[in-house]
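Student: Structure in structure tokens, see below.
Derivation of every value follows stated rules applied to the coordinates shown; laboratory data play no part. In this text, all values refer to a predicted model and were calculated from it rather than measured experimentally. All Cβ positions, glycine included, derive from the backbone under ideal geometry; neighbour counts span all protein chains shown.
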Amino acid sequence: MKKYISLIFIFGFLFLFQSCSSQASLDPKTVDALVSSEEFTFHAQHANPMNYDVINVMGSIQNAPSTRMLQLDGENYTIELRKNNMEVVLPYFGRQFNPSYNTADNSYRFTSKDFTVSKSQNKKGNWVLKIKPNDRRNVDEIIVEVFKSGKAFVSMRSNDRQPITYDGYISKNEESPKEKDKL
């Protein structure tokens with residue numbers, strides 16, 4: 001019986017460490033190649049609202065963690081950056097100064113074909129990309145800081161709402177169906 005219990009504990013620890021290692025970081029050369037090509041996808045894992053009303057409401061929920069970070073589930077919240085196209089799908093938590101009756105307009109969901117990207121590398125080797133969409137009137141600037149490990153930090157600055165930040169990681173873009181048909 002003791003053997004079975006020790007085997008269960010060993011397998012439990014193996015599964016625990018395997019799940020922790022599944023969020024492995026990228027190679028710094030791969031990160032540099034992705035950022036240099038300006039073609040990658042940012043996957044948001046946490047949202048960090050700046051509005052204290054939202055933070056106070058989150059703190060008043062029973063059995064909720066007392067942090068100001070919101071865990072975002074799934075792979076649906078992304079910024080997909082390509083040479084001539086940027087697609088943003090991110091939730092928004094905070095105060096809007098010009099709210100819309102259309103609830104789809106209350107989050108960041110847009111495609112931009114006219115944008116400028118300026119990138120620089122700081123002393124620690126992290127990349128900082130400043131993306132300015134020219135065809136969106138409500139988004140002023142998107143700042144993406146990419147660390148050597150592939151982790152990333154995104155800050156959204158908007159004209160009609162309070163700022164919000166997101167934590168996550170970058171990965172290589174998936175091929176679109178059009179690109180697969182060409183092959």
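Student: What nm distance separates the two modelled labels at residue 145 and residue 174, each placed 7 Å from Cα along Cα→Cβ?
Tutor: Placing both labels 7 Å beyond Cα along the Cβ direction yields 3.0 nm.
Student: Subtract the Cα-Cα distance of residue 124 and residue 75 from 0.36 nm times their separation in residues, and report this length gain in nm to one decimal.
Tutor: My answer for the length gained is 14.8 nm.
Student: What residues qualify as long-range amide H neighbours of residue 140, i.e. H under 5 Å apart, gap of 5 or more or another chain, H built at 1.01 Å from N?
Tutor: Amide H neighbours of residue 140: 157, 158, 159.
Student: Which whole-Hz couplings ³J(HN,Hα) result when phi for each residue of the stretch 26-32 is put into the Karplus expression 6.51 cos²θ - 1.76 cosθ + 1.60, θ = phi - 60°, listed in order with x for Gly and Pro?
Tutor: So the Karplus estimates, Gly and Pro as x, are 8, 6, x, 5, 5, 4, 4 Hz.
Student: Mind ranking 71-82, 109-120 by how tightly packed they are, going by the mean number of other C-beta atoms within 10 angstrom, highest first? Provide the component values of the computation, followed by the final result.
Tutor: Working: 71-82: 15.6, 109-120: 13.0.
Highest mean packing first, the order is 71-82, 109-120.
Student: Now a separate question. With θ set to phi - 60° and the Karplus curve 6.51 cos²θ - 1.76 cosθ + 1.60, what are the ³J(HN,Hα) couplings of the stretch 127-136 in order, to the nearest whole Hz, using x for Gly and Pro?
Tutor: The phi angles translate into 8, 10, 10, 10, 10, 10, x, 8, 9, 10 Hz.
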